[in-house]
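Single-structure report; data block below.
What follows is calculated from the coordinates using simple rules that are stated; it is not laboratory data. Source: prediction; values computed, not measured. As a convention, Cβ positions derive from the backbone with ideal geometry for all residues, glycine included, and neighbour counts pool all protein chains shown.
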Amino acid sequence: MLGRKERDRLELYMCGSLRDLVPDDHVLVKVDRVLDLSWLHEEVAELYAAGFGRPGIDPEVAVRLMLAGFLLGIVHDRRLMREAQVNIAIRWFIGFGLHEALPDHSSLTRIRQRWGAERFRTIFERTVKVCVAAKVAKGEVVDVDASLIRADVSWESLAVRHIDAVTDANEAAESERKSRKTGKYKKVCVTDPDASMATNGRNRSLEPAYKQHAVVDDACGVILDVKVTTGETNEGQVILSCLDAVAAMTGTTIKTATADAGYAYAKVFAGMEQRAIEAVIPAKAEPIRSPVPMRRFRYDAKHDTLKCPRGKMLKAGRAVKYGRFFTSRAADCWHCDLARLCLSNGRVNKAVVLGDGYPALLRARRRRERWSDEDRALYQRHRWRSEGYHGEAKTWHGLSRAIRRGLINMKIQAYLTVAAVNLKRLASAFLSILLFVYSQEATSSARHRLRQGKVFGIGLLVASP
């Protein structure tokens, strides 16, 4: 028989909890089992005047709202509050009933401005420490990668900065400009000056962007550290400080770090050697830019000298940024048969620049030729472990584009995104342990308590082997 449903006589009142209407496998239900924000009130209490003004939003409610938005991919405040009006799962997650009025979207903006980026980083760091305590992350093998995040600006907001207008007012700078024509014009973003022009490929155009540098644990993909910079910041300038931050946070010595060829710099290899970290990074071959390439010169680390293809010594000279000059004697080059090919026009001796940590780069190149099957498998896993996180954050959690403008707002967005991803990882591990313990419990009352999850909370994970 053809059925019929009356839609104009729905019941308004019901008995029970909102939790009964939210499925057990909902992401907010899973995260709620492992989320503990009881410490947050004391953390932000100093930012509020006790006994003055109207009562503010509960800090835990504000953070839960933001996390719910990032977990569900609803990253804009206005859209999030419109969704929370009708989404029972969000209302239950933040502790609001159907009859309660939700905060205004502008309240979340004021909270971010009042708290600052460091307190949101504290929330992220707490997720890392809980993951380490629960044995979900180890911090021994890590994968490092960076990704560009498009700034929240339009193409019409870009302007061209004319360097000539500035250098013309300075005679010394003018003479330098005449000898070097590079960088004559540079586009800048008027509406978001913190964003810089960058690209992730030579065949792609420059875009105003930020850059997120992330360190991912190789075990379960927990993000151990994240740093946000302008788009033009080079990856090699950040990786060592990120590794130091991970070691300090986890309390574990990093044994192996993987990264792509964008990190294959001499200073990076040297820094990892100083920290006793095995670098699984494909070292780049020496580029051939001259008929007498640099690979034909032999460096003697013991005596700090460089030997040319004809056996003549080049001694260390003045220091430059990230390296030093090595120069030969003019008398050695005068009668050399390679002088016509080796020396630049107008030069009477050879001068080359070796980057800091050049011996470490040479050792990395030799090691790259002897990579074991384990090294290749580890590097292959790095490609989907670290790059997979960036893809996940951009596809599911709104990190493909900045929500708001300014470096501080971009940092807050990155910290909340990483915290949401770590909570998902922790919730997944919690569910596995829960199912194992559930299968071992015989009594129905014990099984009922396990289904509630909140009875054990984080303590179950910390106490589990």
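Observations on the model:
- Nitroxide proxy distance, nm - points 7 Å out along Cα→Cβ at Ile403 and Tyr48: 2.1
- Over all projection directions, the Cα-based convex hull of the stretch 13-115 averages an area of 7.4 nm².
- Contact order for the stretch 294-356, expressed relative to its length and based on alpha carbon pairs under 8 Å spaced 6+ residues apart, stands at 26 percent.
- Over 23 Å (Cα to Cα) - which of Lys138/Lys424; Lys267/Lys321; Lys227/Lys267; Lys321/Lys350; Lys255/Lys321 fall in this group: Lys255/Lys321
- With all pairs of separate Cα atoms included, the stretch 294-356 yields a Kirkwood hydrodynamic radius of 12.0 Å.
- Sorting the segments 374-381, 316-323, 216-223 by their mean number of nearby beta carbons within 10 angstrom, highest to lowest, gives 216-223, 374-381, 316-323.
- Trp155/Arg289 FRET efficiency (R0 35 Å; Cβ-Cβ; nearest 0.05): 0.50
- Averaged over residues, the count of other Cβ atoms within 10 Å places the peptides 118-128, 201-211 in the sequence 118-128, 201-211, highest first.
- Taking all pairs of distinct alpha-carbon atoms in the stretch 242-281, Kirkwood radius in angstrom: 10.4
- Net +/- balance of residues flanking Val144 in space, Cβ distance below 15 Å, scoring K and R +1, D and E -1: -3
- Each principal axis of the stretch 205-270 carries a Cα extent, and these read 40, 26, 18 Å when sorted largest first.
- Relative to the 2.2 N^0.38 Å rule of thumb, the stretch 199-355 has a C-alpha radius of gyration ratio of 1.34.
- Listed peptides 148-154, 422-428 appear in the order 422-428, 148-154 once ranked by packing, highest mean of other Cβ atoms within 10 Å at the front.
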